[in-house]
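Taken together, the values in this text are just the output of simple stated rules run on the coordinates, not laboratory data. What you are looking at is a predicted structure, and each value in this text was computed from that prediction instead of being measured. Neighbour counts run over all protein chains shown; Cβ positions are idealised from the backbone, glycine included.
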Amino acid sequence: MLGEVRGHSRHGLRRVLAIGGAPLTGEAAFALRHAGASDVFSWLDNSDTAAQVAARLARWAEIDEILDSALVRKNLVGRSAAWIKLLRQVIEAATFTESSVLILGETGVGKELIAQLVHTLDRRRDKGDLVILDCTTVVPELAGSEFFGHERGAFTGASAPRDGAFALAHRGTLFLDEVGELSLPLQAQLLRMVQERAYKRVGGNSWQQIDFRLILATNRQLEAEVVRGGFRRDFFHRIASWICRVPPLAERTEDIVPLIEHFARELRPGQEPPGIEEPLQRYLVARPYPGNVRELKNLTARMIKRHVGSGPLTVGDLPEDELPPEGALPCWPDEQLASSLRRALAQGMSLREISRITKPAAGGASPGSNRSGAADASRQSGGAISLSRLPPVTRRSSSGERPSRRILCSSSPGCSHGPSEPKRIFRAPARASACSRRSK
């Protein structure tokens with residue numbers, strides 16, 4: 001049943017492998033994926049099926065081991081379903097492929113941190129540096145020199161040969177920030193380099209072969225730009241080997257308080273972050289953040305600088321320009337809840353199912369209800385799934401719990417595998433020898 005898949009997966013937080021005892025239709029398989037299953041296939045009477053299960057569990061275990069490592073937890077803070085899904089995708093792309101990665105997202109969501117994670121987790125031997133080029137700072141007249149380098153005398157003022165970003169990134173990683181700002185003619189010049197990893201210096205005659213991983217980021221909707229004609233279709237498909245969409249803060253509001261605590265630790269090293277009184281916490285969670293995580297970080301810094309004493313943060317720590325107009329405090333239920341309910345209803349979820357799903361969360365929020373909430377979660381954590389009847393596809397909101405993995409089979413009892421302690425030692429991010437760098 002799709003409801004059981006949704007319950008076990010927690011909207012993607014838990015790994016669920018749905019296995020049917022008979023061949024599944026395409027509609028049923030995709031319905032299970034939309035319900036939260038990580039993979040779906042039929043159990044065939046041969047030894048390959050068991051090997052498929054083992055291979056998938058091993059891959060997921062390795063990804064979640066990295067996800068639970070200090071490298072990730074201390075640098076990319078958040079345990080919301082949207083954030084966990086993104087990190088799993090990034091870890092898989094970085095660790096198990098050498099593909100180019102295109103990072104899409106609004107300003108301030110942390111695209112450069114994602115790029116640094118990809119470079120750090122890259123398993124290439126003798127990996128070089130991470131080279132960052134901010135495409136918004138490239139002057140059109142000197143773009144060729146910035147990317148390709150130039151020979152002596154190639155143009156007025158070229159008194160000596162110079163390496164461009166491609167040569168600097170040889171055997172390492174090249175991160176092109178704000179790639180959506182590149183002009184159409186420059187995109188055309190970059191086609192051969194992206195496809196064949198070969199280029200000529202400005203004023204040079206010989207082709208240079210290079211080897212590097214390419215990561216790109218932009219806050220533009222490149223698919224829409226392609227349709228509009230503002231971005232070359234052939235260039236887009238060359239750079240979009242692996243697309244990672246970073247969710248805005250509005251889609252991961254449960255991460256706001258953990259992020260504030262993280263920024264407070266950075267601002268006050270060696271001290272525990274102060275608590276947050278309920279009126280201020282409700283305001284901070286309901287407040288819009290057009291600048292996303294960067295805006296939240298700036299606001300946290302201002303509150304921490306104003307805060308004195310050992311008590312929690314209060315509304316008095318808000319700067320004057322942050323105070324909402326009198327009588328204009330965000331009410332509850334707010335627009336975020338209303339939007340979530342509209343999405344759930346539009347996707348076929350009934351009000352009865354919404355009520356059933358929210359009961360464990362309500363129980364966990366009320367005093368003395370921890371035991372009943374834990375009992376509800378325990379009752380949902382086991383049992384087989386029957387794939388004989390599939391109701392309409394629906395979604396549910398996540399509970400924000402720690403991710404785990406679960407295999408669910410229609411012909412055998414469920415087995416759970418919790419995340420293990422990290423065993424791999426990761427290299428620290430390489431020093432970025434950037435042509436131009438900007439905090440993301």
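Summary table below
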item: Mean Cα-pair separation over length for the range 111-240, i.e. relative contact order, pairs under 8 Å, 6 or more apart, %; result: 27 percent
item: The range 191-269, dipole about Cα centre (Lys/Arg Cβ +1, Asp/Glu Cβ -1), debye to the nearest 20; result: 520 debye
item: Computed label-point distance, nm, for sites E181 and A55 using a 7 Å Cα→Cβ extension; result: 4.4 nm
item: Cα principal axis extents for the range 16-164, largest first, Å; result: 73, 33, 32
item: Cβ-Cβ FRET estimate between T253 and R123, R0 fixed at 30 Å, reported to 0.05; result: 0.30
item: For the range 86-174: relative contact order, % (alpha-carbon pairs under 8 angstrom, 6 or more apart); result: 26 percent
item: Sites S206 and V285 - FRET efficiency at Förster radius 45 Å, r taken between beta-carbons, to 0.05; result: 0.15
item: Order by protection proxy (mean Cβ within 10 Å, highest first), peptides 250-258, 262-270, 14-22; result: 14-22, 250-258, 262-270
item: Order by protection proxy (mean Cβ within 10 Å, highest first), peptides 317-325, 227-235; result: 227-235, 317-325
item: Cut-off 18 Å (backbone N to label point 7 Å along Cα→Cβ of E223), residues of the range 238-258; result: 238-248
item: Beta bridge orientation in the range 100-259: antiparallel %, DSSP, nearest 5; result: 15 percent
item: 18 Å reach of a label modelled at T137, 7 Å along Cα-to-Cβ, counting backbone N of the range 110-125; result: 111-113, 115-116
item: For the range 11-84, fraction of C-alpha pairs farther apart than 19 Å, in %; result: 47 percent
item: Inter-site label distance for E353 and E277 at 7 Å from Cα along Cβ, in nm; result: 4.3 nm
item: Inter-site label distance for A70 and E326 at 7 Å from Cα along Cβ, in nm; result: 5.2 nm
item: Alpha carbon convex hull of the range 152-197, projected area averaged over orientations, nm²; result: 4.4 nm²
item: Over the range 172-225: Kirkwood hydrodynamic radius from C-alpha pairwise inverse distances, Å; result: 12.6 Å
item: Qualifying chymotrypsin sites (Phe, Trp or Tyr not before Pro) in the range 1-63, DSSP loop, other Cβ atoms within 10 Å at most 15; result: none
item: Full-extension gain in nm, R294 to R171, via 0.36 nm per residue minus C-alpha separation; result: 41.1 nm
item: Relative contact order of the range 26-120, pairs being alpha-carbon contacts under 8 Å that are 6 or more residues apart, as %; result: 20 percent
